[in-house]
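Since every read-out is calculated from the coordinates, none of them should be taken as a lab result. Just so it is clear, the structure is predicted and the values come from calculations on it, not from any experiment. When we count neighbours, we look across all protein chains shown, and the Cβ atoms used for this are built from the backbone with ideal geometry, even at glycine.
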Amino acid sequence: MNDIKTIFAKNLSELRQASGMTQLELGERLNYSDKTVSKWERGESIPDAGMLKQIGDVFGVSVDYLLEEEHGKVESFAAEPSEEEEQIYKKHQTIRHIVQAGVWLLSFVIIVLCWIVTRKFYWLILIWTLPVSFLLGIIFSSLWSRHKGRDNYIFISLFILSILLAIYLSALKANLWMLFLIMIPVEVLMFFCFKLYFDKKKRAGTSEESKTSTKSE
């Protein structure tokens with residue numbers, strides 16, 4: 001019969017790979033380093049009972065499952081966030097919506113005040129609020145998003161486009177439509193930068209899995 005550490009190492013590795021998580025991502029979920037996760041998957045150590053329960057919650061399995069030598073093939077699935085993580089995520093989303101709504105409310109207040117004082121409607125204030133709102137999206141997605149790479153790509157593209165739109169509308173008489181051509185090289189550059197980022201992340205996950213497989217053999 002295999003050693004309990006070896007059994008746990010095999011089960012943990014299979015569950016993590018089936019969920020599509022890297023050792024670094026799992027470590028972040030558990031507040032441990034990827035090196036510690038790597039040690040677990042190599043069978044060099046095993047976490048305490050409390051951490052075993054937490055790992056089981058991440059993958060939706062019992063502690064017994066983690067320590068069983070024989071069970072069915074692990075199907076591919078996305079690890080479900082714990083109830084606590086889901087509450088924190090919802091709290092962050094609420095903060096994000098409040099801040100962004102506050103920015104738009106402030107813009108409307110400024111427009112109303114300007115209209116009262118000058119009797120002119122400064123609609124460009126709303127246009128310039130767009131890049132501010134997208135900039136906040138970049139900040140919040142970098143801090144709290146579950147899909148940081150994808151969300152940042154979208155928000156950065158929208159931020160740059162909204163800046164160009166605001167400049168164009170602010171100087172309509174100058175007919176600066178060619179400004180939008182800037183988006184072509186910008187999008188190409190962003191595509192390759194984010195592709196490198198995702199490829200590097202994928203290689204890191206593949207490297208971790210190959211190391212674990214080699215150690216198990």
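Points to keep in mind about this one:
- Across q = 0.09, 0.16, 0.17, 0.20 Å⁻¹, the stretch 83-202 modelled as identical point scatterers on its alpha-carbon atoms has Debye log10 I(q)/I(0) values of -0.36, -0.91, -0.98, -1.13, in the order of the q list.
- Between the alpha-carbon centres of the stretch 25-63 and the stretch 127-187 there is a gap of 40 Å.
- Cα gyration tensor of the stretch 1-56 - equivalent ellipsoid semi-axes, whole Å, descending: 17, 12, 10
- Residue order, fewest to most beta carbons within 10 Å, for ARG16, ARG29: ARG29, ARG16
- Percentage relative contact order, the stretch 4-80, counting C-alpha pairs under 8 Å, at least six apart: 42 percent
- Pairwise label distance in nanometres, ALA174 with TRP115, each label 7 Å out on the Cα-Cβ vector: 2.8 nm
- Of LYS120/LYS173; LYS148/LYS173; LYS91/LYS120; LYS39/LYS90; LYS39/LYS148, those spanning more than 30 Å from alpha-carbon to alpha-carbon: LYS148/LYS173; LYS91/LYS120; LYS39/LYS90
- Net charge dipole size for the stretch 4-80 [Lys, Arg +1 and Asp, Glu -1 on Cβ; Debye, nearest 20]: 240 debye
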